[in-house]
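Participant: Structure below; questions to follow.
The values are calculated or read from the model by the stated rules, or taken from the named source; none is laboratory data. Being a predicted model, the structure only gives us computed values, none of them experimental. Cβ: placed from backbone, ideal geometry, glycine included. Neighbour counts: every protein chain shown.
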Amino acid sequence: MNLLLVEDERKLAVLLKQLLEEERYSVDLAADGERGQELAETSRYDAIILDVMLPKKNGIEVCRWLRQNQVRTPVIMLTARGQVHDRVAGLDAGADDYLPKPFAFEELLARLRAVMRREDRNGDGTRLQVADLSIDLKTHQVRRADAAIDLTAREFSLLEYLMRNANQVLTQQQIAEHVWDTNFEGTTNRVAVYISYLRNKIDEGRSPKLIQTIYGVGYRLSG
Ligand code: CA
């Protein structure tokens, strides 16, 4: 597994590289945004760990540029703790996940495994599964454990979007744009309402709860 680590704090970068290499990842380092972008564009990586505050070009700009240029490598953004704005901006720019600094190394490993697992999971594309919840994209059948669940068309497209991006935090804005096409006023309220409909059908009386609210940021579906 090849990783790109874009981090300007030299000590942290060297330490992370060493720890990741002990986990048998091979790691390229970039110390500023421009270099990171250049490497991400020209080499093939399984995932990119991207700091937000970087010299020359910040992590959010780098991530947005990559997505605009069809580089779809999973990105985990390293944000300052408490900077909700950075997290939302990072996710809106196309990051797959974020990790507030300082973080436990184990957590970075877990996030890496999650974003890379998502990348592998192509299959024939007709069925999505997270924990004991599965949906059939052709027949629109939804099941949790042994129970069939009835969803409206809108609830189904919301669930499909959450499942396609499982383990990833999605902002209300992202959900609104994908599930409601247009970005009209009040759509984000609608997102919260539909999330609660979906929760009642998917999670009510069941465990674990698959739909999580990430306060101030958005929602995540994970098993
Ligand atoms: Ca930094």
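Participant: Among what's in the stretch 139-183 and is of a type in the set (Gly, Ala, Ser) and out of contact with any Gly (no Cβ under 9 Å at 6 or more places or on another chain), pick the residue that is surrounded by the most Cβ atoms within 10 Å (Cβ to Cβ).
Facilitator: If we take residues in the stretch 139-183 being of a type in the set (Gly, Ala, Ser) and out of contact with any Gly (no Cβ under 9 Å at 6 or more places or on another chain), then Ala176 is surrounded by the most Cβ atoms within 10 Å (Cβ to Cβ).
Participant: Can you find even one residue in the stretch 35-46 that is within 19 Å of the chain's Cα centre (by Cα), within 16 Å of the ligand (Cβ to nearest atom), farther than 13 Å from Leu66 by Cα and not β-branched (Val, Ile, Thr)?
Facilitator: Looking for residues that are within 19 Å of the chain's Cα centre (by Cα), within 16 Å of the ligand (Cβ to nearest atom), farther than 13 Å from Leu66 by Cα and not β-branched (Val, Ile, Thr), one finds none in the stretch 35-46, hence no.
Participant: Right, something else. Got at least one residue in the stretch 6-17 being at pLDDT 95 or above, part of a strand (DSSP E or B), farther than 23 Å from Ala166 by Cα and within 16 Å of the ligand (Cβ to nearest atom)?
Facilitator: yes
Participant: Suppose we filter Ala110, Ala80 for residues that are of a type in the set (Gly, Ala, Ser), within 15 Å of the ligand (Cβ to nearest atom) and surrounded by fewer than 17 Cβ atoms within 10 Å (Cβ to Cβ); which single one remains?
Facilitator: Among Ala110, Ala80, only Ala80 is of a type in the set (Gly, Ala, Ser), within 15 Å of the ligand (Cβ to nearest atom) and surrounded by fewer than 17 Cβ atoms within 10 Å (Cβ to Cβ).
Participant: Report, by residue number, each residue of the stretch 18-32 that is surrounded by 13 or more Cβ atoms within 10 Å (Cβ to Cβ) and either within 10 Å of the ligand (Cβ to nearest atom) or among the polar types (S, T, N, Q) (or both).
Facilitator: Within the stretch 18-32, Ala31, Asp32 qualify.
Participant: Condition check: at pLDDT below 95, surrounded by fewer than 17 Cβ atoms within 10 Å (Cβ to Cβ) and within 16 Å of the ligand (Cβ to nearest atom). Does Gln68 satisfy that?
Facilitator: So Gln68 does not fit the description; no.
Participant: Could you tell me which residue of the stretch 56-65 is nearest to the ligand (Cβ to nearest atom), considering only residues that are in contact with a helix residue (DSSP H, G or I) (Cβ under 8 Å, 6 or more places away or on another chain) and farther than 18 Å from Leu16 by Cβ?
Facilitator: Among residues in the stretch 56-65 that are in contact with a helix residue (DSSP H, G or I) (Cβ under 8 Å, 6 or more places away or on another chain) and farther than 18 Å from Leu16 by Cβ, the one nearest to the ligand (Cβ to nearest atom) is Asn58.
Participant: May I ask you to list the residues in the stretch 41-59 that are assigned to a helix (DSSP H, G or I) and modelled with pLDDT of 95 or more?
Facilitator: Result: Gly59, single match.
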